[in-house]
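Peer 1: Encoded as structure tokens, here's the structure I'll be asking about.
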Amino acid sequence: MKIEMKVLLTAAVIGAFSLSGCASTMQYGDAGSAKPLTTEFGSSDLQQIAEAMVDSMITFPPMVEMTASRRPVVSVDKVKNKTMQHIDTESVTDSIRTRLIRSGKFRFIDRTTDAQTIEELKTQQDSGLVDKKTAVDFGQQIGAEFLLTSNLSEIKQKAGSTTDVYYKFTMSLKNLKTGILEWSDEKEIRKVFKRGTFGG
Amino acid sequence: MMKQKLSRNVIVAGMAAVAIAALLGLAGCSTTAGVEATGKTTWDEQGARSLEKNVVFNNSGLKGDIQIVDIKSAMAGDVMRTQATLRSKDKDTLPFQYRFEWYDGSGLEINSGAGSWKPLILYGREAKTIQAVAPDSRAREFKLKIREPD
């Protein structure tokens with residue numbers, strides 16, 4: 001009987017250890033993980049949107065034709081966030097802009113750093129520190145040919161223990177001279193959460 | 001004698017229980033290696049484009065669930081595009097994750113580690129295509145990875 005007890009005790013201890021492998025731990029995760037935790041807008045949603053938009057834009061036939069010989073200059077507008085959530089939408093457009101720049105097809109101007117640019121140019125022009133031959137003059141920047149605009153909306157439905165959230169991200173490339181939308185696409189994401197019978 | 005035999009049986013049973021518990025404990029946290037498909041584009045002397053394809057199953061469970069029916073590739077300007085047709089072998093709806101990795105002509109990965117997993121839902125016996133576009137014009141080769149959700 002004593003041996004039986006010992007075996008059971010050992011089994012219980014080892015069993016507990018093997019279970020504790022799944023207890024609270026701290027570790028690095030995969031930045032590209034697609035594991036949804038909530039129906040809220042998450043990192044994977046951002047990555048999916050950015051990839052879908054860039055893939056669509058650089059393979060759209062008129063865009064392929066236009067970017068074959070030149071790299072048009074584009075400006076990015078703020079995303080109109082029509083969801084009920086606080087989302088860092090600049091992060092979404094940053095991802096899209098980075099991918100488009102890295103594709104080698106487009107060039108961008110960044111209006112968010114204009115204040116720093118003006119300050120730097122003022123220093124170069126007026127402080128007397130900078131050689132006039134190398135100082136950058138005002139009024140030499142290239143104007144953007146296109147404006148990248150986007151919308152993010154959500155439709156949330158809740159019934160009993162199920163929450164269903166539908167996200168739609170729409171992006172368009174507007175020709176600033178003619179006002180024509182040269183390209184547009186949308187990415188839809190649906191996230192469904194079912195609350196279990198026991199807590200959770 | 002009888003008592004000794006009984007206790008030995010208990011030991012064996014105990015060991016088996018521990019092994020099973022440990023196995024379950026590990027399985028609860030493991031991520032699955034999945035299916036890998038590669039495609040490499042080459043041009044012959046006449047300038048005709050061809051795609052070498054290769055599919056590797058690292059996970060026998062996944063092999064029973066999913067089949068890569070076809071891999072195609074085309075160029076959009078100077079950027080490589082690819083499409084894979086996947087078919088579910090199961091009668092139930094199954095969730096998967098996939099990602100594409102891109103390599104240049106010398107086999108070096110482009111934007112190493114930057115790709116993200118994308119969710120994919122296959123309904124029972126459904127065939128679906130997934131597409132991807134290379135990050136830039138250097139890409140000559142891609143690797144498609146499919147796994148069960150983590």
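The values are calculated or read from the model by the stated rules, or taken from the named source; none is laboratory data. Please read these numbers as outputs of a predicted model, since none were measured by experiment. All Cβ positions, glycine included, derive from the backbone under ideal geometry; neighbour counts span all protein chains shown. With ligands, DNA and RNA removed, areas are computed over all heavy atoms of the protein, side chains included. Shrake-Rupley method; radii C 1.70, N 1.55, O 1.52, S 1.80 Å.
Peer 1: Would you tally the residues in the range B:127-144 being within 24 Å of B:Asn58 (Cβ to Cβ) and surrounded by fewer than 19 Cβ atoms within 10 Å (Cβ to Cβ)?
Peer 2: Here the count works out to 6.
Peer 1: Please state which one of A:Thr25, A:Thr39, A:Thr89 is more than 8 Å from every other protein chain (Cβ to nearest Cβ), in contact with a Ser or Thr (Cβ under 7 Å, 6 or more places away or on another chain) and hydroxyl-bearing (Ser, Thr, Tyr).
Peer 2: It is A:Thr39.
Peer 1: I'd like to check something: does the range B:53-73 contain any residue that is within 19 Å of B:Ile146 (Cβ to Cβ), in the same structural domain as B:Ala132 (by TED's automatic domain parsing) and free of Cβ contacts under 8 Å to residues at least 12 places away in the same chain?
Peer 2: Scanning the range B:53-73, I find at least one residue that is within 19 Å of B:Ile146 (Cβ to Cβ), in the same structural domain as B:Ala132 (by TED's automatic domain parsing) and free of Cβ contacts under 8 Å to residues at least 12 places away in the same chain, so the answer is yes.
Peer 1: Quick check on my filter: what residues within the range A:42-60 are open to solvent by less than 70 Å² (accessible area, probe 1.4 Å) and more than 8 Å from chain B (Cβ to nearest Cβ)?
Peer 2: Residues satisfying the conditions are A:Gly42, A:Asp45, A:Leu46, A:Ile49, A:Ala50, A:Ala52, A:Met53, A:Ser56, A:Met57.
Peer 1: Examine the range B:42-57 for a residue that is modelled with pLDDT under 95, open to solvent by less than 50 Å² (accessible area, probe 1.4 Å) and either over 24 Å from A:Val64 (Cα atoms) or under 13 Å from the mean Cα position of the chain (by Cα) (or both), and state whether such a residue exists.
Peer 2: No, every residue in the range B:42-57 fails to be modelled with pLDDT under 95, open to solvent by less than 50 Å² (accessible area, probe 1.4 Å) and either over 24 Å from A:Val64 (Cα atoms) or under 13 Å from the mean Cα position of the chain (by Cα) (or both).
Peer 1: Restricting attention to strands (runs of 3 or more DSSP E) lying wholly within the range B:101-150, give those where 3 or more residues are within 22 Å of A:Phe60 (Cβ to Cβ), among the hydrophobic types (A, V, I, L, M, F, W, C) and within 12 Å of another protein chain (Cβ to nearest Cβ).
Peer 2: The qualifying strands (runs of 3 or more DSSP E) are B:127-133.
Peer 1: Restricting attention to the range A:61-85, and to residues there that are away from chain B (no Cβ under 14 Å), over 13 Å from A:Ile101 (Cα atoms) and aliphatic (A, V, I, L, M), which single residue is least open to solvent (accessible area, probe 1.4 Å)?
Peer 2: Within the range A:61-85, the match that is least open to solvent (accessible area, probe 1.4 Å) is A:Val79.
Peer 1: Quick test for you: out of B:Lys63, B:Lys72, B:Lys91, pick the one residue that is loosely packed, with under 15 Cβ neighbours inside 10 Å and assigned to a loop (DSSP other than H, G, I, E, B).
Peer 2: B:Lys91
Peer 1: I would also like to ask the following. Taking the condition of being touching a helix residue (DSSP H, G or I) at 6+ places or on another chain (Cβ under 9 Å) and free of Cβ contacts under 8 Å to residues at least 12 places away in the same chain, how many residues in the range A:136-180 meet it?
Peer 2: 0
Conditions (1) open to solvent by 70 Å² or more (accessible area, probe 1.4 Å); (2) modelled with pLDDT under 95; (3) under 27 Å from A:Asn81 (Cα atoms), marked per residue:
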residue: A:Asp110; (1), (2), (3): no, yes, yes
residue: A:Ser127; (1), (2), (3): no, yes, no
residue: A:Gly139; (1), (2), (3): yes, yes, no
residue: A:Leu147; (1), (2), (3): no, no, yes
residue: A:Asn151; (1), (2), (3): no, no, yes
residue: A:Lys168; (1), (2), (3): no, no, yes
residue: A:Leu176; (1), (2), (3): yes, no, yes
residue: A:Glu186; (1), (2), (3): yes, no, yes
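Results for (1) hydrophobic (A, V, I, L, M, F, W, C); (2) at pLDDT 95 or above; (3) over 18 Å from the mean Cα position of the chain (by Cα), shown as yes or no for each residue.
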position	(1), (2), (3)
A:Leu8	yes, no, yes
A:Ser18	no, no, yes
A:Tyr28	no, no, yes
A:Ser56	no, yes, no
A:Val92	yes, no, no
A:Arg107	no, yes, yes
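Peer 1: Can you give me the number of residues within the range B:79-100 that are under 18 Å from B:Arg138 (Cα atoms) and at the interface with chain A (Cβ under 8 Å from one of its Cβ atoms)?
Peer 2: 2
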